[in-house]
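Peer 1: Supplied in structure tokens, the structure appears directly below.
The values are calculated or read from the model by the stated rules, or taken from the named source; none is laboratory data. Predicted model only: the values in this text are computed from it and were never measured. Quick reminder, even Gly has a Cβ in these numbers, built from the backbone with ideal geometry, and neighbours come from all protein chains shown. Protein only, heavy atoms only, side chains kept; ligands, DNA and RNA dropped before computing areas. Shrake-Rupley method; radii C 1.70, N 1.55, O 1.52, S 1.80 Å.
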Amino acid sequence: MNDRTRPDHRALAAIEAGLPQIWWMQIDEPLPRQRQIALQLSHNAIAGQDDLTILKELYDELESVGWRQ
């Protein structure tokens, strides 16, 4: 498996819970690293628990203040 086919922790939890189906958002076009980080940070702000060390590293990696809003 690679990053595109390996299930993430949410999918693994759904499988373990025996859910018959799950929904996901798939982005097929390549995204610039800055956009990837912004999406990851915004998703983590909505759901889940943050690893504060990783959160800080991602936030610090943003090159533009505009991506931080």
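Peer 1: So how much accessible area does Asp60 have, in Å² to the nearest 10, using a 1.4 Å probe?
Peer 2: The value for Asp60 is about 90 Å².
Peer 1: Can you work out ³J(HN,Hα) from phi for every residue in segment 37-43, in order, using Karplus 6.51 cos²θ - 1.76 cosθ + 1.60 and θ = phi - 60°, giving whole Hz and x for Gly and Pro?
Peer 2: Rounded to whole hertz, the list is 5, 4, 5, 5, 5, 5, 5.
Peer 1: Using the Karplus curve 6.51 cos²θ - 1.76 cosθ + 1.60 with θ = phi - 60°, what ³J(HN,Hα) values do you get for each residue of segment 14-21, in whole Hz, with x for Gly and Pro?
Peer 2: 5, 4, 4, 7, x, 5, x, 7
Peer 1: Now for a different question. Quote the FRET efficiency, to the nearest 0.05, computed for Arg35 versus Ala11 with a Förster distance R0 of 25 Å and r equal to the Cβ-Cβ distance.
Peer 2: 0.65
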